[in-house]
1. What nm value, rounded to one decimal, do you get for the distance between residue 71 and residue 94 when each label is placed 7 Å out toward the C-beta?
2. Would you please state which residues of the range 77-91 a label at residue 57 would reach in this model, taking the label point 7 Å out along Cα→Cβ and a backbone N cut-off of under 17 Å?
3. More than 17 Å apart: what percent of Cα pairs in the range 34-98 qualify?
4. Quick one: which of 76-86, 42-52 comes out on top by average Cβ neighbours within 10 Å, and what's the full order, highest first?
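Please treat every number below as a calculation from the coordinates, not as lab data. The shown structure was predicted, so the numbers you read here are calculated from the model rather than taken from an experiment. All Cβ positions, even for glycine, are placed from backbone atoms using ideal geometry, and neighbour counts span all protein chains on display.
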C-alpha cells in the first residue's frame, strides 16, 4: 500500500541543517513553483493516466511543468518553446515514430 501524500512528504523530507523540510514544501533554484496554488508534480500526479507508459508520462509531465511556469520564471517564450518541444516528442511517441 502506497503512503498517503502527507506521509510521503514526511518520508521524502530533506535534511537541511538541523531541520527536516518536506520535499513538497521546499524548492531548489527559485520560487516559481511555490508561487502557484498547485505544485506541478501534484497536478501531474493527479491528472496522470493509468495507461501512460513511463516515457510518455515523462514527456507529458514536463510539458505541463513548462506551461505552468511560463510567466513566472522570466522567459515565457523559452518555456512555451520547451513545452512545445516535449509535446512534439510526445506526439512522435504516440504516432510510433520515436
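1. Between residue 71 and residue 94, the label points sit 2.5 nm apart.
2. Answer for the range 77-91: 90.
3. 43
4. 76-86, 42-52
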